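Computed from the coordinates by the stated procedures, all read-outs in this text should not be read as laboratory data. Keep in mind the model is a prediction, meaning the values are calculated, not measured. Cβ placement follows ideal geometry from the backbone for every residue including glycine, while neighbour counts extend to all protein chains displayed.
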Amino acid sequence: MNAIRISTAVVSALAIATSAFLQPAATSIAADPLPDLVVNSDLLQHQWVVRDELLPSTFCSVQEGGIRPGVRTILRFSVQTPNIGNADINLGDPNVHIANGDGLYEFATCHNHFHFRHYTFDELIDPGTGKVWKAAKRGFCMIDTNPAPPAVGGNPPGPRVYKVCGRVGIPGNQGISVGWADEYIFLLGGQYFVLDGGDGQPPVPPGLYKIRITVNPPFVARTGEPCPHKDLAGFCHQLPESNYFNNVGEAFVSIADHPGRGGLGPLAGTPHASEKGNTTEPIDGD
């Protein structure tokens, strides 16, 4: 059973309210070792591009996101979520979680693998009006992709432990080690906002916007749906953390009217997912 779909404005308010509610606890030392996820805002600010890009009907993000195939104007972006806590996020094999029905994963028919639910909440926000657009990404696989940059704080990385997403009947080992980060580069499936209305949302006018990423976001579970962890404000989270106050990262982006195929932004001129006739897009863990 799915979680209650809260409006983007309400989720943003929940994240901010929860953060404010928990702020006094942010300086205390947890009794037991716990993970602590953050968003690398510096990487987000330097890894985005607005461009016209072919999105074929065979792309899973197109099918799962209800996007009209064809050339779409999109905003691609990268997200990195370091674990700066003093304990691993140790999820293990998604097949086991599906068998246990604990609500952490769901099956994605297009990819033929499992998606972790409620990992990040990605918003494009008009600072002037507060209007919010949602990203195309629907699922996640958590593994150690990069050592966490020293600038985000936390402990230095140890050995890389979590490396395999897994598939149906093929064991995985998902998680994020202390001092490591899980990074979703801009070319991965769903790492974009559709700007021209091709996903059923209103078109995004040219201007200055804010990308806001909330990792391990708060949600309200439906009756009978698992709520693995609760914060002090009573909201559910999929993962335990020592601090829910630092889960939001933001970056400003400039959206132009006609960006063209080459695009505008720090990643202008980079390859497209559909280049060389590719009919599938890179997915997490590839």
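Quick rundown of the values:
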{"item": "Pairwise Lys count, segment 8-268 - Cα closer than 25 Å, eight or more residues apart or different chains", "result": "6"}
{"item": "Ascending count of other beta-carbon atoms within 10 Å, so fewest first, for LEU267, LEU54", "result": "LEU54, LEU267"}
{"item": "Length gained when the stretch LYS163-ASN146 is fully extended (0.36 nm per residue, less Cα-Cα span)", "result": "5.0 nm"}
{"item": "Between 0 and 90°, nearest 10: helix 8-22 axis offset from the chain longest Cα axis", "result": "30"}
{"item": "Added length on full extension, which subtracts the Cα-Cα distance from 0.36 nm per residue, HIS258 to LEU232", "result": "4.8 nm"}
{"item": "Label-point separation, ASN100 to ASP32 (7 Å along Cα→Cβ), nm", "result": "1.3"}
{"item": "Net +/- balance of residues flanking VAL161 in space, Cβ distance below 14 Å, scoring K and R +1, D and E -1", "result": "-2"}
{"item": "Charge tally in the Cβ shell below 15 Å around PRO205, where Lys, Arg are +1 and Asp, Glu are -1, PRO205 excluded", "result": "-1"}
{"item": "Sparse-neighbourhood loop sites, trypsin sites (Lys or Arg not before Pro) in segment 130-212 - DSSP loop, at most 14 other Cβ within 10 angstrom", "result": "ARG160, LYS163"}
{"item": "Likely footprinting exposure, ASP144, ASP32, ASP122, fewest C-beta neighbours within 10 Å first", "result": "ASP32, ASP122, ASP144"}
{"item": "Tail fraction, Cα-Cα pairs, segment 100-229, threshold 21 Å, whole percent", "result": "54"}
{"item": "Pairwise FRET efficiency - ASN155 versus SER57, Cβ, R0 = 45 Å, nearest 0.05", "result": "0.50"}
{"item": "Difference of contour (0.36 nm per residue) and Cα-Cα distance, LEU208 to GLU275", "result": "21.3 nm"}
{"item": "Kirkwood Rh (inverse of mean 1/r, distinct Cα pairs), segment 8-268, angstrom", "result": "19.0"}
{"item": "10 Å beta-carbon shell around CYS110, net charge (K/R +1, D/E -1)", "result": "0"}
